[in-house]
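Report on the structure given below.
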Amino acid sequence: MKKIILDLAATLDGFIEGPNGEIDWCIMDDDMNFDGFLSTIDTIFYGRVSYDAWGNFQPDANASPAEQSLWKGVHSKKKYVFSGQDRQDENATFITSDIQNHITEIKKQEGKDIWLYGGASLIKTFIHLGLIDTYRISVHPIALGSGKPLFEDLKQPLGLKLAKTNVFRSGVVQLIYEV
């Protein structure tokens, strides 16, 4: 069965976005092997706001070949958007209700794992419903002091088991936890 993997960047003080949605603090080093991660998934879950911002993003024509390749890899995946708005989109399937049943059916499909991209509201929903199998949290060497926290309003403690740690040249530390 497919696993749902939350792969995201967080600040040292636990925020996934700045107070105004800023993510300009995120570091992408070539030694992070993001292409390797992309090769393990075939599906991406988005919230509507994140999908509208990034689901069809095209890098500038002057972007590096690495960035062009990264976005080509992202856009080659099957996309699901969880939203209160039902709409037709040739690049994604919109899911507006009965989240748990839809996810159960998607996880049963043949193929690779699923990347829970976000945004913050969708991640919070998945955490509260216990739908995440693996947490890949890349902790960046910056503290913002405020913003959108990764873990918010937990109803009970979330027990995780550390599976692996990766340290990158930039000082980013990736923590991979299994539920």
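The values are calculated or read from the model by the stated rules, or taken from the named source; none is laboratory data. Source: prediction; values computed, not measured. We place every Cβ from the backbone using ideal geometry, glycine too, and count neighbours over all the protein chains shown.
Quick rundown of the values:
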item	result
Pairs where the first residue, in region 5-29, is crowded, with 17+ Cβ neighbours inside 10 Å and the second is among the basic types (K, R) and outside any loop (DSSP other than H, G, I, E, B), C-beta under 7 Å, 6+ apart	I5/R136; L6/R136; D7/R136; F15/K148; I16/K148; E17/K148
Meets criteria (touching a helix residue (DSSP H, G or I) at 6+ places or on another chain (Cβ under 7 Å), touching a residue at least 40 places away in the same chain (Cβ under 8 Å), basic (K, R) and surrounded by 13 or more Cβ atoms within 10 Å (Cβ to Cβ)) for K2	yes
Matching residues in region 50-62 - criterion: being surrounded by 16 or more Cβ atoms within 10 Å (Cβ to Cβ) and touching a Leu at 6+ places or on another chain (Cβ under 9 Å)	S50
Condition broken by T165, with the remaining ones in (1) loosely packed, with under 15 Cβ neighbours inside 10 Å; (2) touching a residue at least 12 places away in the same chain (Cβ under 8 Å); (3) in a strand (DSSP E or B); (4) not aromatic (F, W, Y) satisfied	(2)
Residue match in region 89-99 (condition: buried (at least 17 other Cβ atoms within 10 Å of the Cβ), hydroxyl-bearing (S, T, Y) and at negative phi)	no
Count - residues of region 63-86 that are loosely packed, with under 15 Cβ neighbours inside 10 Å and in contact with a Lys or Arg (Cβ under 9 Å, 6 or more places away or on another chain)	2
Answer from G14, G47 - the residue that is touching a Leu at 6+ places or on another chain (Cβ under 9 Å), small (G, A, S) and within 21 Å of R169 (Cα to Cα)	G14
Boolean, I114 is of a type outside the set (D, E, K, R), in a strand (DSSP E or B), buried (at least 17 other Cβ atoms within 10 Å of the Cβ) and out of contact with any His (no Cβ under 6 Å at 6 or more places or on another chain)	yes
Of residues in region 77-111 being in contact (Cβ under 8 Å) with a residue 60 or more places away in the chain and outside any helix (DSSP H, G or I), the one farthest from the chain's Cα centre (by Cα)	Q109
Every residue from region 130-162 that is assigned to a loop (DSSP other than H, G, I, E, B) and either in contact with a Pro (Cβ under 7 Å, 6 or more places away or on another chain) or not hydrophobic (A, V, I, L, M, F, W, C) (or both)	G130, D133, P141, G145, S146, G147, E152, D153, K155, Q156, P157, G159
Scope region 129-177; condition at pLDDT 95 or above, under 17 Å from the mean Cα position of the chain (by Cα) and of a type in the set (K, R); matching residues	R136
